[in-house]
Amino acid sequence: MNQAHQHSHRFDPTILREYDIRGLVDKTLRKTDAYAIGRAFGTLIVRDGGTLACTGYDGRASSPYFEVEVAQGLADCGLKVIRIGLGPTPMLYFATKSLGADGGIMITGSHNPPEYNGFKMIRKKGAVYGTEIQSLGTIAAKGDYVKGTGLQEQRDMLDTYVARLSQDYRGIKPLNIAWDAGNGAAGEALKRLVTKLPGKHTVLYAEIDGTFPNHHPDPTVAKNLIDLQKAVRDNVCDLGIAFDGDGDRIGVVDGKARILWGDQLMLVLAQEVLAEHKGATIIADVKASQVLFDGIEALGGRPLMWKTGHSLIKTKMAETKAPLAGEMSGHIFFADRYYGFDDALYAAVRLISFLSRSGKSLSELRDGMPAPVNTPELRFPCTEDRKFAVVEEVRQRLKGEKNLEVIEVDGVRVRTKDGWWLLRASNTQDVLVARVEAADAAGLTRLKAELIEQLKASGIAPPAEL
C-alpha cells in the first residue's frame, strides 16, 4: 500500500457546503475530519507559497477538541500556526489580516443548534468557498497532502482585537445601549468592548455557553430578540444590539424596540460612509428592499445588487472597491477604515459612533424611512434536483413579458409598477427562497398572486404565507 492512500480520508458528502464546512458532531463531523481539513487546507496554503496560518474556535463543547486537530493538521504541512483561542469568527479574520497570515480556520457552528459544528476559512487572497471547499475533499480523498514539521504558538488576541474595534469610535454624545451576546462566542469581546465605549451599557448573556441556554443565537429571527427588546424598554435605551453565535452577524432594535432588518440597518450605515466617500459603490444582496437601493442612490452612492452569500459579497466588494456591503441576514462588511470582512462587533461600533454624532436617534432615522409592505424571507422545500430548474423555468416564462423587469443576479427578481418579488434557490439547503415587497397592501396581493401563479406552473405548492 503506497504512502498516499494510507492517509486518504473521505468526508461525509453533506459537510462540504457552499460557504463553509458544517456537520453533526460525532455523526457527520468527527475529530479525524478536523485533522484532514487542517491537512488539506494547509496543503493549499503551502502550494501557494504560504508559511503562516491562524486558528480560533467558538464556545461549543466540541470546538476546542476540533481546534487541536486542525492546528496539528496545519502544522503537519510545515506551517507555523498561531492559535488565538476562544472568540468570535471576526477575531480570527482580524488575526489573519493583522498578523499577515496566509490563511485561517475558525472552528464554529455559527448560529446552528448546539449539536452542530463547522469550519469557516479565510485566505490572504479572500474568502474560501465553492470549488475551493470541494477541492479540500479531493485532496483528502487522495491523501495528496504536503508534509512538513511546523510550529504551533498560542497567542491571545482578544485585547488587541477589542482595541482595534474601539479605535474607530468617533462619537460625541454618550448613548444608553442594551446588548445581547446570546451566549455566543462574542461575549467576552463584548464585555471588554463596552468598558472602552462611553455611555450606559446593559449586557445580556455574555457568558459563552455553547448550549445556548437562554435563546437561539440568530438575531434575524424575531423571537430571539424578545429579551433584548425588553431590556431596551426597561432601561429606556437608545437602541439594542444582538449578535449571532459566532459574532459575524448583527441584529438591531431601535429605542421603541422595533427591529431594524439588515437592509434598514444598511441604509443608516450608508449615510456616514457616503458622506465620506462620495459616489462610492454600496453592495446589498438580492433579498434587500428596493428602499435600500433607492436610498443609496438618493445619498449619491452607486447601489449594486449582488448574490446572497457572505463569500460572494466579500469577493464582489474586493472587485468593485466598495467601502460597505451588507446582507439581509445581518452580515455587514466594512472596507471603509477596516478589512472588508463581516464583523458584527465592528458594525456595532460604527453604528453607535454614527448615531452619537448624527444628532438623530435610531428611532427617528427609522421613522424617516419609506415603509413598504413586504413579506419576510419565505423558505419552502424544493428538492436539490428541482430547485435551480424551477427558477430557470420561471425565468423562461417571463421572457418577453411587457410591463416588468427581470433582474437575474441570483435567481429572478421581478420588478413591476407594484414593487417586486424574488425567487431564488438556496445554495445551502433544499429550499426555494422568496420575498415580496410593494408600496401598499393591494400591490402586495397582486405581486403574491403573480408569484403563486409561477410556482404552480412549475408544480410547486406555494407556501402558506403567500
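Things to note:
- Debye-sum result for segment 58-203 in log10 I(q)/I(0), which assumes one identical scatterer on each alpha carbon, at q = 0.13, 0.17, 0.20 Å⁻¹: -0.68, -1.06, -1.34
- Counting only protein heavy atoms and a 1.4 Å probe, the chain has 40 square angstrom of accessible area per residue.
- Interchain or long-range residues, amide H under 5 Å from residue 204's placed H: 179, 180, 181
- Note on residue 258 and residue 456: the extension gain reaches 67.8 nm, defined as 0.36 nm multiplied by sequence separation minus the Cα-Cα distance.
- Distance between modelled label sites at residue 32 and residue 337, nm, 7 Å Cα→Cβ extension: 5.0 nm
- Among 221, 167, 247 - extreme Cα towards positive end, dipole of the chain, charges at beta-carbon: 167
- The Kirkwood hydrodynamic radius of segment 347-466, based on inverse pair distances between different Cα atoms, is 16.1 Å.
- Distance from the alpha carbon centroid of segment 282-315 to that of segment 95-111 works out to 26 angstrom.
- Computed log₁₀ I(q)/I(0) - Debye formula, equal Cα scatterers, no solvent, segment 1-104, q 0.09, 0.14, 0.21 Å⁻¹: -0.22, -0.54, -1.20
- Inter-part distance where segment 346-391 and segment 410-464 are each reduced to a Cα centre, Å: 18 Å
- Dipole-positive endmost among 349, 339, 322 within segment 318-385 (Cβ charges, Cα centre): 349
- Accessible surface of segment 5-86 [probe 1.4 Å, protein heavy atoms]: carbon and sulfur percent: 50 percent
- Under the Debye formula (equal points on every Cα, no solvent term), log10 I(q)/I(0) of segment 65-127 at q = 0.16, 0.26 Å⁻¹: -0.51, -1.25
- Within segment 207-254: Cβ-based charge dipole about Cα centre, in debye rounded to nearest 20 (Lys, Arg +1; Asp, Glu -1): 220 debye
- Percent accessible area from carbon and sulfur atoms, segment 255-359, protein chains only, probe 1.4 Å: 55 percent
- The smallest convex shape that holds all Cα atoms of the chain, its convex hull, gives 145 Å³ per residue.
- Each of residue 207 and residue 12 was given a label point 7 Å from its Cα along the Cα-to-Cβ line. The distance between the two points is 3.0 nm.
- With the cut-off at under 19 Å, measuring from each backbone N in segment 442-466 to a point 7 Å along the Cα-to-Cβ line of residue 403 picks out 442-455.
- Every Cα-Cα pair of segment 101-171 was included, and the share exceeding 21 Å stands at 52 percent.
- The three principal axes of the Cα atoms in segment 243-304 give end-to-end lengths of 34, 26, 23 Å, sorted in falling order.
The values are calculated or read from the model by the stated rules, or taken from the named source; none is laboratory data. Given the structure is predicted, the values throughout are model-derived calculations rather than measurements. In this analysis, Cβ positions are derived from the backbone assuming ideal geometry, glycine residues included, and neighbour counts consider all displayed protein chains. Areas reflect the complete protein model, heavy atoms only, side chains present, ligands, DNA and RNA absent. Shrake-Rupley method; radii C 1.70, N 1.55, O 1.52, S 1.80 Å.
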